[in-house]
1. Which residue, chosen from Ala221, Phe89, Met75, occupies the Cα position most advanced towards the positive end of the dipole of the chain, where the dipole is computed from +1 (Lys, Arg) and -1 (Asp, Glu) charges on Cβ about the Cα centre?
2. For segment 30-138, what does the equivalent ellipsoid look like in terms of its semi-axes, each the square root of 5 times an eigenvalue of the Cα gyration tensor, given largest first in whole Å?
3. Any idea what the relative contact order of the chain is, in percent, if you count C-alpha pairs under 8 Å spaced at least 6 apart?
4. Once R0 is set to 45 Å, what does the formula 1/(1 + (r/R0)^6) return for the Cβ-Cβ distance between Glu86 and Thr220, expressed as a FRET efficiency to the nearest 0.05?
5. Suppose R0 equals 35 Å; then what is the FRET efficiency for Arg230 and Tyr40 from their Cβ-Cβ distance, rounded to the nearest 0.05?
6. Sort the following peptides by mean Cβ neighbour count (other Cβ atoms within 10 Å, averaged over residues), highest first: 146-153, 111-118, 80-87, 58-65.
7. Please label the shape of segment 102-221 as rounded, prolate or oblate, based on the square roots a ≥ b ≥ c of the eigenvalues of the alpha-carbon gyration tensor (a/c under 1.5 means rounded; beyond that, a/b larger than b/c means prolate, else oblate).
8. Where does the Debye-calculated log10 I(q)/I(0) of the chain sit at q = 0.11, 0.15 Å⁻¹, using only Cα point scatterers of equal weight, no solvent?
Amino acid sequence: MKDTSSDWKFLGEGWCSRDKLPLAVPRYVQVIPEYAAYRYLRGRAVDPGAADADTLGTFLRALHGLDPDPELREMLPCEDRRAIAEEYFERTEREVVPKLSTHEAARLRQEFEMYLSTPENFVFRPVVLHGDFAADHILAEDDSIKAVIDFGDVSWGDPDYDFMYLFADLGWVFVEKVARSYGHPDLERLRRKCRYFAIVDQIGTIVDGPGQALAGQENTAWRRLRRFLRDD
């Protein structure tokens, strides 16, 4: 299975905490640059209509509660969220805004300004993040969730980020259920951040996609971006 993490030692040798998680996760048996092999995990991508919010909330709480050794922790990418937001805001003005309607452009600027002007968005206890916690990386069998795969984007950062792909795939109503099971202390703040993270994820595909994105991904990103800017 192809993966993209630059921290194979963490995944291949240091993922001893996997036994502390309530769902099966990859047990890496071989790692070479840009590729990793792990023992087969049974299941299929979870049906969005059958995803169990309590199971996912419990898994995320356990994942975010891991306390890796300092040596392993230092191997995890740790991004500066404010710097990323400022960089994407500048690129958005140049490369995305000119292709939007006046209303869409105003909403997009508002999302960046709201995120950057809220100090609480940058005050959090960093945790181990899956980094790509999407529906197609959650495996189900016999109508129950069994495993989580694709830890190629594992990192160290804002726990709220791990709710974003569920938000993009399944919507806020479902994410709110996951967050309640997780024990999130501020659901309204989480909702705003999920929306912002999802918007920036689409922008990333749009501005970085040429030559890298798979066929159709850029068009999908444009559709999703416009939907997020239209929805309340």
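1. Farthest towards the positive end: Ala221.
2. Details: eigenvalues 208, 87, 59 Å².
Equivalent-ellipsoid dimensions as semi-axes: 32, 21, 17 Å.
3. Values: 309 pairs, mean separation 56.4, N = 232.
Computed value for the chain: 24 percent relative contact order.
4. So, using R0 = 45 Å, E works out to roughly 0.95.
5. Between Arg230 and Tyr40 the formula returns 0.25.
6. The packing order, highest mean first, is 146-153, 58-65, 111-118, 80-87.
7. Cα axes put segment 102-221 in the oblate bin.
8. -0.58, -1.11
Read-outs throughout are calculated quantities, based only on the coordinates presented, and are distinct from any laboratory measurement. Not measured: the values here are computed from a predicted model. Please note: Cβ atoms are built from the backbone with ideal geometry, for glycine as well, and neighbour counts cover all protein chains shown.
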